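Structure record follows, encoded as structure tokens.
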Amino acid sequence: MFAKGSPDASNENPWAGKFKVEVIKSLGAVLLIDDALENAITCAAARIRVLLFGDYPWSKRHSRLLTPRDLMSREQRIQAGEEKYWEREVVTELPPGIRRVGGWQDVVEWVKEEGKGIVGGRPPLEDLEALGEDVSA
């Protein structure tokens, strides 16, 4: 699903093959809501605020490509004797600029309470309300 004003499925996607941080910067966006820790860390390093969505295994660990084993599938790693390898790779402390949220209600509350500081003091949900979106919590 594409947001209003963005390319739809019938148009060529100008962001294909680009990292999320590149897309966010090119759009002038000030907040990323994502469930992947890698995207969150990359964007936070570029001074983009991040709400890390959910409590999923992939949002708790950083995928690495340091050794040939890192390229193996989960099943291959388990077969190679690496039971629960993902538990050793959990990031327990999030870097500055990243806040974990449990669900969409948390996102709405964060935007209402803290979002004004990142959108120049104007009500952050104003754009959604102008599009006819229901933002009541």
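Is there any pair linking a residue in segment 103-118 that is farther than 14 Å from residue 50 by Cβ and surrounded by 11 or more Cβ atoms within 10 Å (Cβ to Cβ) to one that is at pLDDT below 85 and among the β-branched types (Val, Ile, Thr), with Cβ under 7 Å and at least six apart or on different chains, and which?
Note: pairs meeting the criteria are 108/135.
Restricting to segment 45-59, name every residue that is in contact with a Leu (Cβ under 9 Å, 6 or more places away or on another chain) and on the phi > 0 side of the Ramachandran plot. Explain how you work it out, then say what you get.
First pass over segment 45-59, keeping only residues in contact with a Leu (Cβ under 9 Å, 6 or more places away or on another chain): 48-52, 58-59.
Scanning segment 45-59 gives no hits.
Pairs under 7 Å by beta carbon, first residue free of Cβ contacts under 8 Å to residues at least 24 places away in the same chain in segment 29-56, partner part of a loop (DSSP other than H, G, I, E, B) and open to solvent by 20 Å² or more (accessible area, probe 1.4 Å), six or more apart or different chains?
Cβ pairs passing all conditions: 42/19; 56/35.
Just a yes or no: is a residue in segment 109-116 at pLDDT 55 or above and outside any helix (DSSP H, G or I)? Full working, then the answer.
Residues of segment 109-116 at pLDDT 55 or above: 109-116.
Adding the requirement that they be outside any helix (DSSP H, G or I) leaves none.
Looking for residues that are at pLDDT 55 or above and outside any helix (DSSP H, G or I), one finds none in segment 109-116, hence no.
The values are calculated or read from the model by the stated rules, or taken from the named source; none is laboratory data. These numbers were taken from a predicted model, which means no experiment stands behind them. Cβ: placed from backbone, ideal geometry, glycine included. Neighbour counts: every protein chain shown. Note: accessible area is taken over every heavy atom of the protein model, side chains too, but ligands, DNA and RNA are not part of it. Shrake-Rupley method; radii C 1.70, N 1.55, O 1.52, S 1.80 Å.
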